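Visitor: Mind looking over this structure? Questions follow.
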Amino acid sequence: MSAASLLDKDRTKPYSFWFHPYVSFTEMFIQILVLIQIPLYILPRYSAIEPTDELKTKLKKIRDSLRSSFDSPARSDILKWSKAFSGDCEIIQFKFSIPARRDILQDWGIVSEKDKEKVVASSNNDKYNPPPPTVELMLHFPANLLTKDSKDLSEARTKDSKDLSEARTRGANKNGTISVQNLDLANFFQEHRTVPVVVYYHGGGFTACTYEEPTGLALAIQPSIQTGQPLILVSAEYAISPEYHFPVAVEDSLTAIEFIRSLMSGPPHQNQVEKIPLHILGISAGCQFASVVTMECHRRFPGLIKSSVLISPMLDPAADSVSFYLNSKSSWFITVGWLRWCWQAFLEMPKQRNAVNHKNKNNMEELRKVDSNQSAWAASKWRGTSYERLINPILDLPTKDLNDDHVAPSILVATQEGDPLRDDGCALVQALQNERKMSESKLKHIHTAGSHVFGLMFDKNAMSTLASWWSEIIFPASTNTTKSS
């Protein structure tokens, strides 16, 4: 655990909302404004396993409110990114879908047939929606990658424009990007094999957001803005709960990274995986997928992932940590009840009611159990199977080469003191340090005040540290040149 977290090691009383020593009044005020528009706190009133029509209506309203809030912040970030290049280069957006690999867990050798049969036998498949046949992806990149001589430029088309120049004036999206409808992906990625690619997995507690969520865009483009060098951002969608349950979203996440890898590496005789500039970003629940992808790729394609940035990781389904308890009354927007409900929806776990044993009211081990998922997770059908590491990677981290700086990915974990999820991220850092002996040059931990991702975004020094650290990894030549000059 971080040094800052040790300050509460003897505390047995939750922080109050108005007098939290690690959360500013500005952030508290913003939480109130957001929860009025997006009341996540109401969702735990409903069963996460068997959603009613009323729940579906509430969820739709919340999801629509989230989507309507995306455009303005995204437009601001797109403008900053476009100004990082000479001539205020426009930012291109391209959406497409790929076939979902529903056999990828077996193909990669992650899940045994025995465990698959066991889980299928214990599931009531009649009540579930069939998994989506495709995975949606969205690219963002500067228009200067579509050069005059590029085949991609001639094939780029928008709904109402004949070429890109017309799209610049007529086809702009609300978020400030320019949409193209056709792009030769194989040619584009092969032509720009040296351009770094960041694959982003959005947050939203497995239940709420989409790949259009703008926080990832804001973080992913920082190295590009800082260096003036182009990168390609791939935002990956995944099937959300309670409509779809684990492991569908994990299959979607691995499908996305496998597809991007195939585009970047080219035909087998040209395959040089270790030289592919591929990076991962996850936020909150998206860190569950980002960390799984990072670790599974390390097992299957050592050296493929160059860096992985995990912001406010959501990793432990038990949701019974010290930080969950201490921040149980102070986190109004991202409530502990909603976070636990999200795990219940994702993993089909029943809601548990655990009363306080007043004889042990000062015992943190007992206090942590109250209304947590601890007993539900312990009894889950996923426990003790090869699926476990796809839920919480800390339970089974790769045993090979994470201490080898030539092969291991660079990993940055950002946590916030006022976040219920604080200890999830701290536990990952501890495991990588103590169990897998990752070096300080490869593992970075940024710990700030604040509640959830807000704390990082409001901390200019922390954001600058993150951007500088990531820029040195993504654009080593540019940052070295800058330092020498």
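The values are calculated or read from the model by the stated rules, or taken from the named source; none is laboratory data. Keep in mind it's a predicted model, so treat the numbers as computed, not measured. All Cβ positions, even for glycine, are placed from backbone atoms using ideal geometry, and neighbour counts span all protein chains on display. Keep in mind that these areas ignore ligands, DNA and RNA; they rest on the heavy atoms of the full protein, side chains included. Shrake-Rupley method; radii C 1.70, N 1.55, O 1.52, S 1.80 Å.
Visitor: How large is the dipole of the chain about the Cα centre if only Lys and Arg carry +1 and Asp and Glu carry -1, each at its Cβ, rounded to the nearest 20 debye?
Guide: Dipole magnitude for the chain comes out near 660 debye.
Visitor: Let me ask something else about it. Output the antiparallel fraction of DSSP beta bridges having both residues in the chain, as a percent to the nearest 5.
Guide: Working: 15 of 44 bridges.
So the antiparallel bridges in the chain amount to around 35 percent.
Visitor: Right, something else. I'd like to know how the range 20-64 sits against the 2.2 N^0.38 Å rule of thumb: what's its Cα Rg over that expected value? Don't skip to the answer; put the middle values down first.
Guide: Working: Rg = 13.8 Å, N = 45, 2.2 N^0.38 = 9.3 Å.
Rounded to two decimals, the normalised Rg is 1.47.
Visitor: What is the percent carbon and sulfur in the accessible area of the range 280-339, measuring with a 1.4 Å probe over the protein chains and ignoring ligands? Don't skip to the answer; put the middle values down first.
Guide: Values: 620 of 990 Å².
With neighbouring chains kept in place, the figure for the range 280-339 is 62 percent.
Visitor: Less than 14 Å Cβ to Cβ from Pro44, Lys/Arg counted +1 and Asp/Glu -1: what total charge do the surrounding residues give?
Guide: Numbers: positive: Arg45, Lys58, Arg340, Lys351, Arg353; negative: Glu54, Asp371.
Residues close to Pro44 contribute a combined charge of +3.
Visitor: Suppose a student asked you for the relative contact order of the chain, using Cα pairs under 8 Å spaced at least 6 residues apart; what percent would you report?
Guide: On the way: 898 pairs, mean separation 93.0, N = 485.
Contact order relative to length: 19 percent.
Visitor: Ignoring any ligand, DNA or RNA, what whole percent of the accessible area of the range 362-485 comes from carbon and sulfur when the probe is 1.4 angstrom?
Guide: Numbers: 2410 of 5310 Å².
The C+S portion of the solvent-accessible surface of the range 362-485 is 45 percent.
Visitor: OK, next. Counting only heavy atoms of the protein chains, get the accessible area per residue of the range 38-107 (1.4 Å probe) and round it to a whole Å² value.
Guide: Working: 3720 Å² over 70 residues.
Heavy-atom SASA per residue in the range 38-107 reads 53 Å².
Visitor: Can you list residues whose amide H is under 5 Å from Thr448's amide H, if they're 5+ apart or on another chain and H is modeled 1.01 Å from N?
Guide: When sequence neighbours closer than 5 places are left aside, the close amide H contacts are Thr415, Gln416, Glu417.
Visitor: For the range 270-319, what does the accessible surface come to per residue with a 1.4 Å probe? Please give it in Å².
Guide: Working: 1000 Å² over 50 residues.
For the range 270-319, the per-residue accessible area is 20 Å².
Visitor: Can you tally the net charge around Trp343? Count Lys and Arg as +1, Asp and Glu as -1, for every other residue whose Cβ sits under 12 Å from the Cβ of Trp343. Walk me through the intermediate numbers first.
Guide: On the way: positive: Arg340, Lys351; negative: Asp316, Asp320, Glu348, Asp424.
Result for the local shell: -2.
Visitor: If Trp341, Trp469 are ordered by their accessible area, calculated over protein heavy atoms with a 1.4 Å probe, which sequence runs from highest to lowest?
Guide: Details: Trp341 5, Trp469 35 Å².
Highest to lowest solvent-accessible surface, that is Trp469, Trp341.
Visitor: Would you work out what percent of the accessible area of the range 61-125, with all protein chains in place, is carbon or sulfur (probe 1.4 Å)?
Guide: Taking all protein chains in place, the range 61-125 shows 50 percent carbon and sulfur surface.
Visitor: What order do you get for 247-259, 325-337 when each peptide is scored by the mean count of other beta carbon atoms within 10 Å, highest first?
Guide: Values: 247-259: 24.1, 325-337: 22.3.
So the order, starting with the most tightly packed, is 247-259, 325-337.
Visitor: From the protein chains alone at 1.4 Å, what is the descending order of accessible area for Thr399, Thr227, largest first?
Guide: Details: Thr399 125, Thr227 35 Å².
Reading off the accessible areas and sorting them downward yields Thr399, Thr227.
Visitor: Please give, to one decimal in nm, the separation of the simple spin-label points placed at Ser72 and Lys60, each 7 Å out from Cα toward the Cβ.
Guide: Once both label points are built, they end up 2.6 nm from each other.
Visitor: List, in the order given, every pair from Lys306/Lys442; Lys116/Lys369; Lys116/Lys437; Lys56/Lys351 whose Cα-Cα distance in the structure shown is over 21 Å. Before the final figure, lay out each step's value.
Guide: Numbers: Lys306/Lys442 10 Å; Lys116/Lys369 30 Å; Lys116/Lys437 32 Å; Lys56/Lys351 18 Å.
The pairs that break the limit, which is 21 Å between Cα atoms, are Lys116/Lys369; Lys116/Lys437.
Visitor: Helix check for the chain. Which DSSP H runs span at least 20 Å along their own axis by Cα, with a mean Kyte-Doolittle hydropathy no less than -1.0? Can you show the working numbers first?
Guide: Values: long enough: 53-68 (23 Å, -1.34); 248-265 (26 Å, 0.84); 285-300 (23 Å, 0.04); 460-474 (21 Å, 0.17).
Helices meeting the criterion: 248-265, 285-300, 460-474.
Visitor: Now for a separate question. Reachable aspartates and glutamates from Lys460, Cα under 15 Å, same-chain residues fewer than 8 places away excluded?
Guide: Answer for Lys460, where 15 Å is the Cα cut-off: Glu27, listed by chain and number.
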